[in-house]
1. Would you check if ALA138 is more than 14 Å from the chain's Cα centre (by Cα), in contact (Cβ under 8 Å) with a residue 24 or more places away in the chain and surrounded by fewer than 16 Cβ atoms within 10 Å (Cβ to Cβ)?
2. Return only the number of the condition from (1) surrounded by fewer than 14 Cβ atoms within 10 Å (Cβ to Cβ); (2) touching a residue at least 40 places away in the same chain (Cβ under 8 Å); (3) acidic (Asp, Glu) that GLU97 does not satisfy.
3. Regarding ARG72, is this residue among the charged types (D, E, K, R), under 17 Å from the mean Cα position of the chain (by Cα) and surrounded by 17 or more Cβ atoms within 10 Å (Cβ to Cβ)?
4. Identify all residues within segment 154-164 that are in contact with a strand residue (DSSP E or B) (Cβ under 8 Å, 6 or more places away or on another chain) and over 24 Å from ASP233 (Cβ atoms); write none if there are none.
5. Out of ALA146, ALA123, I need the residue that is crowded, with 16+ Cβ neighbours inside 10 Å, at pLDDT 95 or above, closer than 23 Å to LEU26 by Cβ and touching a Gly at 6+ places or on another chain (Cβ under 8 Å). Which one?
6. Quick check, is ARG35 over 18 Å from PHE255 (Cα atoms) and touching a Phe, Trp or Tyr at 6+ places or on another chain (Cβ under 8 Å)?
7. Say whether the condition of being closer than 18 Å to ARG238 by Cα and assigned to a loop (DSSP other than H, G, I, E, B) is met by at least one residue in segment 165-187.
8. Taking interchain pairs and intrachain pairs at least six residues apart, which have beta carbon atoms under 9 angstrom, with the first residue in segment 23-38 and more than 16 Å from ILE271 (Cα to Cα) and surrounded by 18 or more Cβ atoms within 10 Å (Cβ to Cβ) and the second at pLDDT below 95 and among the acidic types (Asp, Glu)?
Amino acid sequence: MTNARPITDHSRLSINTATTRAQWTLSQAIDGYARAGVGGISPWRDQIAEMGLANAAKAIRDANLTVTGVCRGGMFPWVDEVGRLAMLDDNRRAIEEAATLNAQCLVLVVGGLPEGSKDLAGAHAMVEEAINTLLPEARAAGVKMAIEPLHPMYAADRACVNTMRHALDICERAGEGIGVAVDVYHVWWDTELLNQIKRAGKDQLLAFHVCDWLVPTRDLLMDRGMMGDGIIDIPLLRGWVEDAGYDGFHEVEIFSELDWWKRDPEEVVSICKERSLSVV
């Protein structure tokens, strides 16, 4: 197994709007990414709502950007019936937004333990129940759902699905129309990663997210690194997903309250472009 083939242009580079969310609105990000010659964008739903879904869809289409994902659906586990119904309604809106934007997938951050609970198995069951309820609606809308396994440090509050194996087990039971979003930040440590990427194959590898793991990490959520500044062997992991059949975008997603969110967004995008050629 060798590293991935060199990247020679930015046609398959996407930028998740989290990367510039402190500096740019969605409208500004659409304009900035397109002006920089980036091929794709992955917007967050709060920014879509602020801009207006129809306005966002038109602006992205006019900018000739591919929507590589909508962030995010999920947060499935509930405390009571009121919470369950509200969660389903919110996810139905997320499916509608992804369909309107012609997104390649709706990214699912599945949620952690319900408030006050220590029942991890119960949370897992709620995740599957919600997915089984929503997946037929996503299929009907032409939207693929992508479970994003998150690093185990987020198991309690953000995502109780933490490995590719667990995510793919859910996909296997759910059937067609659901796969995984592979974020190197969350899965680089997993000793089963290569075999699970092979297991997913082309049909279930729906997104590939890149950034880097800094040593030390100063904040568990808001201190991701720019590609090349940390310890993840990103070309190796990209080679694995491409050998398994993935031929889509590599999406930069950096939460960086202490560094990149303080910089000029034009500089951030420029460095994303440079690093996508040199270290991704």
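1. No; evaluated as a whole, the condition is false for this residue.
2. GLU97 satisfies every listed condition except (1).
3. Taking the combined requirement at face value, the residue satisfies it.
4. Correct list: ARG158, CYS160.
5. Answer to the check: ALA146.
6. no
7. Within segment 165-187, not a single residue is closer than 18 Å to ARG238 by Cα and assigned to a loop (DSSP other than H, G, I, E, B).
8. Partner pairs satisfying both residue conditions: none exist.
The values are calculated or read from the model by the stated rules, or taken from the named source; none is laboratory data. Since we're looking at a predicted model, the values are computed, not measured. Cβ sites come from the backbone with ideal geometry, for glycine too, and all protein chains shown count toward neighbours.
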